[in-house]
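Trainee: Have a look at the structure that comes next, please.
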Amino acid sequence: MSAGKDFIPLTLCVLTVSDTRTAANDTSGDYLVAALTEAGHRLHERAIRPDDRYQLRALVSAWIAEEGIDGILVTGGTGFTGRDSTPEAMLPLLDKEMPGFGEMFRALSFGDIGTSTMQSRAFAGLANATFLFALPGSTSACRLGWEKLIRAQLDSRTMPCNLANLRPRLRER
């Protein structure tokens, strides 16, 4: 990190995708909200939705249409079961995919869970100048994704480059 730059707080949303989580037991959503606020960012909205691609797509579409939202952190629905639908819901919304995020997440996750990481369909990208990060539903996966990848890229002081400082250029044509 470079000491001379100012931190730029971003406005973020957190979405938990689950048929079983509630506000009382959503530890992954709790972690992401605490982590982003501790880092100095602002929480715009938090939601829990079932594994239904159309409900997910509707909510995320509304968030990416709001001008003041810089990013969305999604937890859950990235696995390999029949109900897991986060990639199917959100990948069509992306203007640009960030393949390196999923690749790096799985590489880092291998150290924790071995070959089970192959079942993760974690991904990231850009939709209407809004960053979107989709993580598995476990709190440990959210911690790994935030601490090893997302936090630094959403910090305007991270050098040599970061996503936060790209924001003014995201709508270039």
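The values are calculated or read from the model by the stated rules, or taken from the named source; none is laboratory data. Bear in mind the structure is a predicted one, so any value in this text is a computation, not a measurement. Please note: Cβ atoms are built from the backbone with ideal geometry, for glycine as well, and neighbour counts cover all protein chains shown.
Trainee: If I ask for residues that are part of a helix (DSSP H, G or I) and in contact with a strand residue (DSSP E or B) (Cβ under 8 Å, 6 or more places away or on another chain), which ones from region 124-145 would you list?
Mentor: 141, 142, 145
Trainee: Just give me the residues in region 26-41 being in contact (Cβ under 8 Å) with a residue 12 or more places away in the chain, hydroxyl-bearing (Ser, Thr, Tyr) and either surrounded by 22 or more Cβ atoms within 10 Å (Cβ to Cβ) or out of contact with any Ser or Thr (no Cβ under 6 Å at 6 or more places or on another chain) (or both), in sequence order.
Mentor: The answer is 28, and nothing else.
Trainee: Determine if region 65-72 includes at least one residue that is in contact with a helix residue (DSSP H, G or I) (Cβ under 8 Å, 6 or more places away or on another chain), at pLDDT 95 or above and not hydrophobic (A, V, I, L, M, F, W, C).
Mentor: yes
Trainee: Determine whether residue 105 is of a type in the set (Phe, Trp, Tyr), more than 24 Å from residue 62 (Cβ to Cβ) and surrounded by 16 or more Cβ atoms within 10 Å (Cβ to Cβ).
Mentor: So residue 105 passes the test.
Trainee: Report yes if some residue within region 55-63 is over 25 Å from residue 159 (Cα atoms) and touching a residue at least 60 places away in the same chain (Cβ under 8 Å); otherwise report no.
Mentor: Taking every residue of region 55-63 in turn, at least one turns out to be over 25 Å from residue 159 (Cα atoms) and touching a residue at least 60 places away in the same chain (Cβ under 8 Å).
Trainee: Whether any residue in region 107-117 is out of contact with any Lys or Arg (no Cβ under 9 Å at 6 or more places or on another chain), touching a residue at least 12 places away in the same chain (Cβ under 8 Å) and closer than 25 Å to residue 35 by Cα is what I want to check.
Mentor: Checked region 107-117: at least one residue is out of contact with any Lys or Arg (no Cβ under 9 Å at 6 or more places or on another chain), touching a residue at least 12 places away in the same chain (Cβ under 8 Å) and closer than 25 Å to residue 35 by Cα.
Trainee: Scan region 12-25 and report the pairs whose first residue is β-branched (Val, Ile, Thr) and whose second residue is surrounded by 24 or more Cβ atoms within 10 Å (Cβ to Cβ) and at pLDDT below 95, with Cβ atoms within less than 7 Å and a gap of 6+ or a chain change.
Mentor: Going by the 7 Å Cβ cut-off, the qualifying pairs are 17/77.
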